Amino acid sequence: MAVSEDELVARIKECANDPKQRTGLVQKFPKLAGRRPLPEPATPQALEMAESRMGLSLPPLLVRLYVEVANGGFGPASGLFGVDNEQASPLSQSIPSVYLQLITDHSSRWKWPQRLVPVCDWGCGIHAVIDCSTAEGLVSHDSQSMRSRDRYTFAQWMQDWANGVDLWERDFKPSTDPGGTKA
């Protein structure tokens, strides 16, 4: 069911403000609830600085979530990275820091694609990434060794998370379909 962007932001804010729903990890492991306070929203200046550092614009919904909900620390996996080095995620990393590290890392034969920005960490070097070449920001899960089969708009991905969909199970669980497609 399609919801308006205002309804989606309100639902995400509700989940983010509930320590038992704040992140995918907390949803999966309830004993983690309340261990980290939700950061204050990011300032427009912090967002401008982050986008300037990366040389790109983040999708409007992501920007809106940072300004209206919090500077990261909520959402799928361990929560969205913040736009600066606030203690938003358990890894205390910011979107610009992670992105810039990946695009400048020349230690492997695999080159990180420009405009594919990590937004959160699933662990083991697997990031949820958002394609910043479009306003809707397609999301996939990417690492040097694994890619999810499906891509969703950022709005759909966040709506699914807010509705309690286990995104890890949906996007990475091996298919039992003998034809090789997801069941």
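The values are calculated or read from the model by the stated rules, or taken from the named source; none is laboratory data. Every value quoted in this text rests on a predicted model; they were computed, and no experiment measured them. We place every Cβ from the backbone using ideal geometry, glycine too, and count neighbours over all the protein chains shown.
Of the residues making up region 30-53, just one is surrounded by fewer than 19 Cβ atoms within 10 Å (Cβ to Cβ), among the aliphatic types (A, V, I, L, M) and touching a Phe, Trp or Tyr at 6+ places or on another chain (Cβ under 9 Å), namely ALA46. For region 2-20, filtered to residues that are outside any helix (DSSP H, G or I) and free of Cβ contacts under 8 Å to residues at least 12 places away in the same chain, the residue that is nearest to the chain's Cα centre (by Cα) is ASP18. Being assigned to a helix (DSSP H, G or I) and either in contact with a Lys or Arg (Cβ under 9 Å, 6 or more places away or on another chain) or farther than 22 Å from ALA155 by Cβ (or both), is that true of even one residue in region 74-88? No. Looking only at region 54-71, residues that are buried (at least 20 other Cβ atoms within 10 Å of the Cβ) and part of a loop (DSSP other than H, G, I, E, B) come to 5 in all.
Let's see how each residue does on (1) at pLDDT 95 or above; (2) out of contact with any helix residue (DSSP H, G or I) (no Cβ under 9 Å at 6 or more places or on another chain):
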position	(1), (2)
VAL26	no, no
PHE29	no, yes
LEU38	no, no
ALA46	no, no
LEU58	yes, no
VAL63	yes, no
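Among the residues making up region 89-105, those that are buried (at least 18 other Cβ atoms within 10 Å of the Cβ) and either in a helix (DSSP H, G or I) or modelled with pLDDT of 95 or more (or both) are ILE95, PRO96, SER97, VAL98, TYR99, LEU102. Within region 156-183, the residues that satisfy the criterion of being assigned to a loop (DSSP other than H, G, I, E, B), at pLDDT below 80 and not hydrophobic (A, V, I, L, M, F, W, C) are LYS173, PRO174, SER175, THR176, ASP177, PRO178, GLY179, GLY180, THR181, LYS182.
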